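The values are calculated or read from the model by the stated rules, or taken from the named source; none is laboratory data. The model shown is predicted, which means the values in this text are computed figures rather than measured ones. No Cβ is skipped: glycine too gets one built from the backbone with ideal geometry, and neighbour counts run over all protein chains shown.
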């Protein structure tokens, strides 16, 4: 019989930062979903009152179940230790507005039925959306008690920030992407990363035994979650108590460079390399090199483990408008608010994408057809040259250079993987791009 903890963990996949759409070829048909209106926070009444009623309390024992997850994504730092990512004291950079009635925009969904953007947002349990066109806010909406000033848990969007910083350091020559990981992190000698190159980490083509089997408490995803402190450790637990010690225990399985396999642990290793090379914590680098230079409006924050190591593949929390500033910086070739934050060559390298043949390894192409993966970013390879950062439960920074459009979408969908909503998401991106082009 499965233990109660196994059952609880199946509800906790949100914090495992899995591949959006990972389950496309593996999962059964999506379960029946609750009506979105029935799981809005104002309807649920979670954590209300002084103190909240016992049945309305959220903590680490139930916080990653649904619908409690809808509260957690806006209140993570009330459950987990975090580092602040300071915006600085400068005046926030401008985001001019030029509103368009995009909520009423109609398009055909993945079943050929006409819906509006507003209906799409409702159907996909959206907490916030910001659409920029040529740097102007043309559409913005908040729901589920989300406010413009509310940081939202971003899950695997975190990886894309880690990838950006590593790619910039490689461009500057401070990281040799063809060097072995152990040149920078000798502590990983004897692990899966012993003979792996940094480039294989950046593009997730390194072979590491890291199973994500939620029915098997012996699989590595359980150990990762216990080590990082994302989930309560079971009685008698004697394993690693931080992310870096956990990484040392993982072994090679397969051939490095053979193909793309999405593994959150690669992002943690990449973040370790970035911190080792710079001598700086990930959260401090984010503040100094992005949040302060971009002129963000709000502080961000990141979840940390017991040694204060940020979870560089899963733990970032930020507001929708500030993420829109990130997307606009990327659209402008790395420049924003008077600063060249990333070199144009770094952005161009991401936009070109990775090896699409490697992306088809183990059938992952079925989850995101036509895509590739480069420097921890997803590349669509569509006619508009779009690319995106993505996280489970419906988090996106979507950049469309040809349409001069950026979309940030933050959600708390009941289904973690993106496969269930991916076809509809692509249609919504295309409808929005066509609409702003026709202004």
Practice task
Check whether at least one residue in the range 386-406 is without any contact (Cβ under 8 Å) to a residue 60 or more places away in the chain and either under 15 Å from residue 163 (Cβ atoms) or assigned to a helix (DSSP H, G or I) (or both), and report yes or no.
Solution key: yes
Completion exercise
When residue 7 is run through (1) at pLDDT 95 or above; (2) out of contact with any strand residue (DSSP E or B) (no Cβ under 8 Å at 6 or more places or on another chain); (3) outside any loop (DSSP other than H, G, I, E, B), the failure sits at (1)
Exercise for the section: Answer yes if at least one residue in the range 337-356 is under 16 Å from the mean Cα position of the chain (by Cα) and not in a helix (DSSP H, G or I), and no otherwise. Expected result: no
Exercise for the section: May I ask you to list the residues in the range 109-134 that are over 18 Å from residue 403 (Cβ atoms), in a strand (DSSP E or B) and in contact with a strand residue (DSSP E or B) (Cβ under 6 Å, 6 or more places away or on another chain)? Expected result: 114, 116, 126, 127, 128
Handout entry: Flag if residue 265 is touching a residue at least 12 places away in the same chain (Cβ under 8 Å), buried (at least 20 other Cβ atoms within 10 Å of the Cβ) and farther than 24 Å from residue 394 by Cα
Key = no
Fill in the blank from the handout: Sole miss for residue 255 among (1) touching a helix residue (DSSP H, G or I) at 6+ places or on another chain (Cβ under 8 Å); (2) at pLDDT 95 or above; (3) assigned to a loop (DSSP other than H, G, I, E, B) is condition (1)
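Picking from 160, 156, which residue would you name as being within 19 Å of residue 318 (Cα to Cα), in contact with a helix residue (DSSP H, G or I) (Cβ under 8 Å, 6 or more places away or on another chain) and surrounded by 15 or more Cβ atoms within 10 Å (Cβ to Cβ)?
Within the list 160, 156, the selection yields 156.
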Exercise for the section: Just one of (1) in contact with a helix residue (DSSP H, G or I) (Cβ under 8 Å, 6 or more places away or on another chain); (2) buried (at least 22 other Cβ atoms within 10 Å of the Cβ); (3) at pLDDT 95 or above trips up residue 368, so point out which. Expected result: (3)
Exercise for the section: With the condition kept exactly as written, say whether any residue in the range 227-239 is modelled with pLDDT of 95 or more, assigned to a loop (DSSP other than H, G, I, E, B), buried (at least 18 other Cβ atoms within 10 Å of the Cβ) and touching a helix residue (DSSP H, G or I) at 6+ places or on another chain (Cβ under 9 Å). Expected result: no
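Is it true that residue 90 is out of contact with any strand residue (DSSP E or B) (no Cβ under 8 Å at 6 or more places or on another chain), exposed (fewer than 15 other Cβ atoms within 10 Å of the Cβ) and under 26 Å from residue 333 (Cβ atoms)?
Against the criterion (out of contact with any strand residue (DSSP E or B) (no Cβ under 8 Å at 6 or more places or on another chain), exposed (fewer than 15 other Cβ atoms within 10 Å of the Cβ) and under 26 Å from residue 333 (Cβ atoms)), residue 90 qualifies.
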Practice task
Report whether or not residue 432 is in a helix (DSSP H, G or I) and buried (at least 24 other Cβ atoms within 10 Å of the Cβ).
Solution key: yes
Exercise for the section: Give the range 78-102 a look and list any residue that's under 22 Å from the mean Cα position of the chain (by Cα), in a loop (DSSP other than H, G, I, E, B) and closer than 30 Å to residue 432 by Cβ, or say none. Expected result: 87
Exercise for the section: Could you figure out which of (1) within 29 Å of residue 342 (Cβ to Cβ); (2) in contact with a helix residue (DSSP H, G or I) (Cβ under 7 Å, 6 or more places away or on another chain); (3) in a helix (DSSP H, G or I) isn't true of residue 200? Expected result: (2)
Problem - Residue within the range 360-367 that is assigned to a strand (DSSP E or B), free of Cβ contacts under 8 Å to residues at least 40 places away in the same chain and over 15 Å from the mean Cα position of the chain (by Cα) present - result: no
Practice task
Just need a number here: residues in the range 337-349 that are under 11 Å from residue 168 (Cβ atoms) and surrounded by 14 or more Cβ atoms within 10 Å (Cβ to Cβ).
Solution key: 6
Handout entry: Conditions (1) part of a loop (DSSP other than H, G, I, E, B); (2) surrounded by 15 or more Cβ atoms within 10 Å (Cβ to Cβ); (3) touching a residue at least 60 places away in the same chain (Cβ under 8 Å): number failed by residue 174
Key = (2)
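Kindly indicate whether any position in the range 65-77 is under 24 Å from residue 304 (Cβ atoms), modelled with pLDDT under 95, in contact with a helix residue (DSSP H, G or I) (Cβ under 9 Å, 6 or more places away or on another chain) and not in a helix (DSSP H, G or I).
Scanning the range 65-77, I find at least one residue that is under 24 Å from residue 304 (Cβ atoms), modelled with pLDDT under 95, in contact with a helix residue (DSSP H, G or I) (Cβ under 9 Å, 6 or more places away or on another chain) and not in a helix (DSSP H, G or I), so the answer is yes.
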